[in-house]
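Please read the structure below before turning to the comments.
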4 protein chains.
Amino acid sequence: MFKFEDNKMYRMPPFFGGHEYNPDFDAHVNDVMTMAFTYETDKNKLSGYLPEGFELLRPELNVAYCQMREVSFMAGGGYNLVNISAPVRFNGKRDRLEGQFSLVVWENNTQPIIGGREETGVPKIFADIQDLHIFPPKYFTNASYEGNTFLRLEMVEVQPIEGQPLENVKAASLIMNNLNFRFIPKVGCPGVELGQPVLYPQGTIVKSAWIGKGTVEWIKLRPEQNPSQFHIIDALADLPIIKMAQAMMIKGEIIMKPFAGRVLE
Amino acid sequence: MFKFEDNKMYRMPPFFGGHEYNPDFDAHVNDVMTMAFTYETDKNKLSGYLPEGFELLRPELNVAYCQMREVSFMAGGGYNLVNISAPVRFNGKRDRLEGQFSLVVWENNTQPIIGGREETGVPKIFADIQDLHIFPPKYFTNASYEGNTFLRLEMVEVQPIEGQPLENVKAASLIMNNLNFRFIPKVGCPGVELGQPVLYPQGTIVKSAWIGKGTVEWIKLRPEQNPSQFHIIDALADLPIIKMAQAMMIKGEIIMKPFAGRVLE
Amino acid sequence: MFKFEDNKMYRMPPFFGGHEYNPDFDAHVNDVMTMAFTYETDKNKLSGYLPEGFELLRPELNVAYCQMREVSFMAGGGYNLVNISAPVRFNGKRDRLEGQFSLVVWENNTQPIIGGREETGVPKIFADIQDLHIFPPKYFTNASYEGNTFLRLEMVEVQPIEGQPLENVKAASLIMNNLNFRFIPKVGCPGVELGQPVLYPQGTIVKSAWIGKGTVEWIKLRPEQNPSQFHIIDALADLPIIKMAQAMMIKGEIIMKPFAGRVLE
Amino acid sequence: MFKFEDNKMYRMPPFFGGHEYNPDFDAHVNDVMTMAFTYETDKNKLSGYLPEGFELLRPELNVAYCQMREVSFMAGGGYNLVNISAPVRFNGKRDRLEGQFSLVVWENNTQPIIGGREETGVPKIFADIQDLHIFPPKYFTNASYEGNTFLRLEMVEVQPIEGQPLENVKAASLIMNNLNFRFIPKVGCPGVELGQPVLYPQGTIVKSAWIGKGTVEWIKLRPEQNPSQFHIIDALADLPIIKMAQAMMIKGEIIMKPFAGRVLE
């Protein structure tokens, strides 16, 4: 008979064994290219998507594309993601902290999707996400589902950040509170089996950075073109782009500390 | 602020809305080709993978490949899967029933993987799974991960089943108790946040069926070739094929009733 | 030293051997679903794309999607294609015949692309082409390149064709003159090394057929979104859809006779 | 009517226009990671694959994996390839030069496959080729076809090359004569329509280089697992690995000059 062993971490299917628990475990991404876009949007609409306990700090949407390479838990392989988040404060009975709340994360690989969802509540779903096309003066990529383009990201007028501004970017990127809401439904009926605010500490070691002019283009899809996601794309496309900030591109490393994660109260 | 509405079903991310709950909801697969292999194996080894409450009925491993097409929740699209299961009896305090317990299910599409894992505890993980190659006298497919073949399935000497034997297959396929164990870990430390035996009722409407000689070939991978699954493949490859039964191919429809699913006690 | 053997057929690389030539060789597609759209367009524009010797019979563009399965030369595997063609008469010194001239064919598999281009001059290029989504009342698919949708095809109001009309469709589909222009450039400089009108005889054995209301939607791409094909998509998108005929869906078999092909004069 | 314009380069389909001919045109790959393996093999067997005019310089097979990124003709996108070549001298009536003769090249993208085959006779065919997995101390990748692994490449004990040895690698990589044999068959019958020795000048700008211990593992496939390529894999797997030289990894840029290519005589 299969039994869970103490001090081991498991995933479905757990029956074939788990991994020794190491509280200091880091997941490393030794080579990441990030293209990050930030825009002012409608405060009421955006607030309407935050669950209880999370307060919007600024009416601001972040769209971050990451090309992850040399990923430790993939034996040096890679994947791409697009993280849609907003700056929030968590006001709990015990915990009170600021961070980036992930509204949805598209990834092009199932393995990190499963782990992120079930272990730390990151709302990851699948999309085809192109590698970064580096074609100066254009840097661009897109996300699609079954051949249906729904997001285009582009940077132009790209200039390196150097000196003190680069040091500032480095310092600001070292520690990031990734905040999520882990939801697991009841079986066979409506209702919340698990509904937990979760902190997932991460950080980026910035090696190079650039600023530029960014463009974020959402393309709505019909329900049959993306049955399980069209309503998410609709909602994001309906958040107005009131003011686009400068886009930033970063080359560096990412360190993720899933076992330093915890349920917030 | 986002709030869950009563009588709606949600998935991560829930923030953008849910679906009306309909207890009679069916997921339909209007066109499925199944190639099913059964073999006698070592009783002790196989029993060792079953969690508490599940008792092995026969020392028998089932390897079922399904080519799913015209899938209702994918707007008529499709995917492929390989389900590894064993015949069991669930002996609970309240519930006592027989069915097929899924040890692991490989699928080549993230959407049903996520839903199956979180909503009904089906231990689905990703693999590239080829469409069925129909090349008489051979019918074959394979499963691989990042280009590494780990499973080959083949049928030869294929003969149609007709008359009363076909009627028997039809009757036996109409209702199937798919049994699973939904496991969700604690955040940031070892331990079981959710560990639930789950019943997921399904059925197949058989239209045509064939028997033949089947071959199941497991190919072990090195850890770096499939970091999160190699131990599963190792375990399955180490289950001896003591006696191969006749393989069966089925063309028909599948009806899945996720909302008739329930946690067993 | 490698030498070509008489009576063998070769492909690049030829060095590892060829296949015995069999003039009666057929390539079989034992399971094909075709969705065919026809529309009246601008005669002058369309004529402008035909090379010397080919005369437009009607100002009509045909857009045929084929989901090819159980393909003999792929050991029972499959692929999808979209064939853009026009009805023409070839007026040669020796040959005079009517058929469908392929302006471009998108396929989602390299193997038939290479063979078709080099052996019979079919102007095949790559795209991601979705399997047919059968989601009554909608039947649809799309073609994209690196995540950029450029063509959507859809049928609704689908009705079976039966009786004598079905017999007519069957008879009309049995033999089709696929006409192409094989072009191979000079090495390292402009100029035509090979420029040959080619006949490639094919036929479809129709088993079932349906008519319906069809929609063809072209979506132009920017050059960087599809560097080698955007000008083709532009040209096709600029051919006006003056009048859409009824779309037709066909289930059946395809027989291709590449070795009955010949250079036209 | 479509007509070829002077001083323009075309590809199938040519009907929608060509590109201005620029004799100085370079195709740039601004970011390439190469992992190159060389081994001594059987001289007679290897010579047996070379067409007339090409003489083997050493009984040596080269297996070069290239991860091509920031590719100019793909608008900054990328692809992977595995080039199997041997060192040769071309002894023509007019031309006499040394270079690397490509026996077969696998690539995971159709666009460069088509161009390379038809324009310069590079014998490119399709395979799924994984990105380089950088997982110190292991660097590895594989090639597969429809889920069937047929080639594994790995480097370990990787050490940087520095100082004068690095300068030597840089100097030796700047100019490379890629030699090919462009073959186009007759239509509909055996025979050689075009059979041309071709020079395709290329070069690599080496930025960093490493040596290490390399492993090349060929895995034979059954005909139905790879109908159009199994005989190529068989032939290569049957070339004995008599002595493995040190493997080399290179990071740099590639410059390809297709229009400096020419037919050799």
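The values are calculated or read from the model by the stated rules, or taken from the named source; none is laboratory data. Since this is a predicted model, take the numbers as computed values, not measurements. Cβ coordinates were reconstructed from backbone atoms using ideal geometry, including for glycine residues, and neighbour counts include every protein chain displayed. Heavy atoms of the whole protein, side chains included, go into the accessibility calculation; ligands, DNA and RNA do not. Shrake-Rupley method; radii C 1.70, N 1.55, O 1.52, S 1.80 Å.
One table, with the values for the structure above:
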read-out	value
Segment B:1-88: translational diffusion in µm²/s, Stokes-Einstein, Kirkwood Rh over Cα pairs, 10 °C, 1.306 mPa s	96 µm²/s
Relative contact order computed over chain B (Cα-Cα under 8 Å; 6+ residues apart), in percent	22 percent
Sum of side-chain charges, D:His28 neighbourhood, beta-carbon under 9 Å (Lys, Arg +1; Asp, Glu -1)	-3
Per-copy distances of the D:Val192 label point, shortest first, in nm (7 angstrom along Cα→Cβ)	2.5, 7.1, 7.5
Listed residue pairs exceeding 31 Å between alpha carbons, taken from C:Lys138/C:Lys243; A:Lys124/D:Lys251; B:Lys138/D:Lys186	A:Lys124/D:Lys251; B:Lys138/D:Lys186
Pseudo-label separations to other copies for D:Glu20 - Cα-to-Cβ vector, 7 Å, nm	5.5, 6.2, 6.6
Straight-distance crosslink candidates among aspartates and glutamates, where the alpha carbon sits under 16 Å from D:Lys213 and sequence neighbours closer than 8 are dropped	D:Glu40, D:Glu154, D:Glu157
Segment D:1-58 - accessible surface per residue (Å², probe 1.4 Å)	51 Å²
Axis-nearest residue of B (beta carbon) for the B-onto-D rotation, whole Å	B:Thr149, 2
Residue among B:Ser102, B:Ser208, B:Ser228 with the largest mean-square fluctuation in a Gaussian network model of chain B, springs linking Cα atoms under 10 Å	B:Ser228
Long-range tail of P(r) for segment A:47-96 (Cα pairs > 14 Å, %)	64 percent
Pairwise FRET efficiency - B:Glu217 versus D:Asn168, Cβ, R0 = 45 Å, nearest 0.05	0.40
Which of C:Phe16, D:Phe135 is most accessible, then next, and so on - probe 1.4 Å	D:Phe135, C:Phe16
Per residue, the convex hull volume that the Cα atoms of chain D enclose (Å³)	154 Å³
Centroid-to-centroid separation of segment D:200-265 and segment C:141-158 [C-alpha atoms, Å]	37 Å
Whole-angstrom gap from segment D:40-79 to segment D:83-139, using each part's C-alpha centre	4 Å
Expected-Rg normalisation [2.2 N^0.38 Å, Cα atoms] applied to segment D:1-45	2.11
Environment charge of D:Val88, counting only residues whose C-beta is closer than 9 Å and scoring Lys/Arg +1, Asp/Glu -1	-1
Cα-based Kirkwood hydrodynamic radius, segment D:128-265, one decimal, Å	18.1 Å
Sequence of C:Trp210, A:Trp106 from largest to smallest accessible area, 1.4 Å probe	C:Trp210, A:Trp106
Proximal charge balance of A:Gly99 [Cβ under 12 Å; K/R count +1, D/E count -1]	-1
Principal semi-axes in Å for segment B:171-220 [√(5λ), Cα gyration tensor, largest first]	35, 20, 6
Estimated FRET transfer efficiency when R0 is 41 angstrom, pair B:Ile241-A:Ile175 (beta carbons, to 0.05)	0.20
Teacher prompt: A:Ala245 distances to equivalent labels in other copies, 7 Å Cα→Cβ, nm	5.3, 5.7, 6.2
Ratio Rg/Rh, restricted to the protein assembly as shown and using Cα atoms, in which Rh is the Kirkwood radius	0.95
Debye intensity ratio I(q)/I(0), log10, segment A:56-206, q values 0.09, 0.10, 0.16, 0.19 Å⁻¹ (C-alpha model)	-0.35, -0.43, -1.09, -1.43
Heavy-atom accessible surface that B and A bury in contact, both chains counted, 1.4 Å, Å² to 100	5900 Å²
Helix-derived mean residue ellipticity, 222 nm - over the protein assembly as shown, DSSP H n ≥ 4, -39500 (n - 2.57), to 500	-3500 deg cm²/dmol
Segment D:209-265 - Rg and Dmax from Cα coordinates, angstrom	17.1, 40
